[in-house]
Amino acid sequence: MPGLTCNACNKEFLDDADQKLHYKSDWHRYNLKRKVAGVPGVTEALFLARQSALAQEKEKQNETPMLYSCGVCGKGYRSSKAYSQHLKSRAHIMQASQGTNHPQEVKAIIKPLPRRTVNKPPQPRDRNDDESQDEWEEVDPEEELVGQAANSLTHLNVTEDGAGDEMEEEEEEEEELDPCCCFMCDLEHDTIESCMVHMHKLHGFFIPDVEYLKDPEGLLTYLGLKVKRDFMCLYCNERCHPFASLEAVRKHMAAKGHCKVHYGDGDEEEEAELEEFYDYSSRYASHFIILYIYIKLSLLTILFRLKQLRG
């Protein structure tokens, strides 16, 4: 039967059975959500590739990460490679050479990382530590760390300055985030508009449906807190754990091209997260106006043809 098509997926069918079966598919439901949001649909191949990538990411998240702790220095690492590099560092060698250590302290303590996430940022490392920041970055810099594990690692490295540093961090957290300050490079701007232009040009940050954005200040504040306070990737969102630091999440977003939000991709939960900052009433009103004009013109055309037939 010719003429059977799905406008949402741009697909043709041979008979009613194929069309009805298609309407029950996840691909069709996904494109329907995109159509309602005013976003073009995707091909079946692209949809299947997206589903496969999400499944692989879910399997990766279900894997139990391990923590390698050094009994001599009291430090922990996410991989055996990082732990091996630590054993070769000058700080570890000097620590091991001082005093006598029990045999169990020399061996690595390996245990699973806790799965519960904590949004509290980790405490700063000891400034006198000979292991530089570069050494930490070389060990899987984009690997996601569990917040609880980060807290436990830094707890092992507490110094006399720890209490004072922690109080400073708490005071900084209480300060309100400035929406005119870029959350990717901390460059301050006079207006929100100039900040948005800067983030788009320099960092590729794109705000979807900006013409329907009713609260740009609220949106930038909300997204800025997720990045600068919670160390969360805007695009990965809840699909990954918070990062260990602001520098780590910024590097991840820049390297992966994740300086954007999941919006208009058919994910209802993530779209609901940003709904309060948008107002689509003008779009729906314009649709009704166009529909009204179309119906009126159609009726006038019918009446005109009836008059011609009678005349």
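Report, by chain and number, residues whose modeled amide H sits under 5 Å from the one on Leu67, excluding near sequence neighbours (fewer than 5 apart, same chain).
When sequence neighbours closer than 5 places are left aside, the close amide H contacts are Lys111, Leu113.
Report ³J(HN,Hα) in whole Hz for each residue of segment 65-74, in order, from the Karplus equation J = 6.51 cos²θ - 1.76 cosθ + 1.60 where θ = phi - 60°; Gly and Pro get x.
Result, ordered by residue: x, 10, 10, 9, 9, 8, x, 7, 9, x Hz.
On a straight-distance basis, which lysines could pair with Lys11 in a cross-link, Cα separation under 22 angstrom, same-chain partners fewer than 8 positions away excluded?
Lys20, Lys24, Lys33, Lys35
Please enumerate, by chain and number, the lysines with C-alpha under 30 Å from the C-alpha of Lys75, excluding those fewer than 8 residues away in the same chain.
Within the straight-line limit of under 30 Å, Lys75 reaches these lysines: Lys58, Lys60, Lys88, Lys107, Lys111, Lys120, Lys226, Lys228, Lys251, Lys256.
Determine the relative contact order of segment 4-62: mean sequence separation of Cα pairs under 8 Å and six or more apart, normalised by residue count, in whole percent.
Normalised by residue count, the contact order of segment 4-62 is 25 percent.
Sort Cys70, Cys6, Cys185 by Cβ crowding within 10 Å, fewest neighbours at the top.
The most exposed by this proxy come first: Cys185, Cys6, Cys70.
In what sequence do Phe183, Phe13 fall when counting other Cβ within 10 Å, fewest first?
Ordered by Cβ neighbours within 10 Å, fewest first: Phe13, Phe183.
If each residue's Cβ is checked for other Cβ atoms within 10 Å, how do Leu32, Leu297, Leu309 rank with the fewest at the top?
Leu309, Leu297, Leu32
So which trypsin sites (Lys or Arg not before Pro) in segment 175-255 pass both tests, a DSSP loop state and at most 13 other Cβ atoms within 10 Å of the Cβ?
Those satisfying the criteria are Lys214.
Just to be sure I follow: if Rg is taken over the C-alpha atoms of segment 17-99 and Rh is the Kirkwood radius over the same atoms, what is Rg/Rh?
Checking Rg against Rh, the ratio lands at 1.44.
A short reminder: the numbers here are calculations on the coordinates, not readings from a lab. Computed from a predicted model, the values in this text were never measured in an experiment. Quick reminder, even Gly has a Cβ in these numbers, built from the backbone with ideal geometry, and neighbours come from all protein chains shown.
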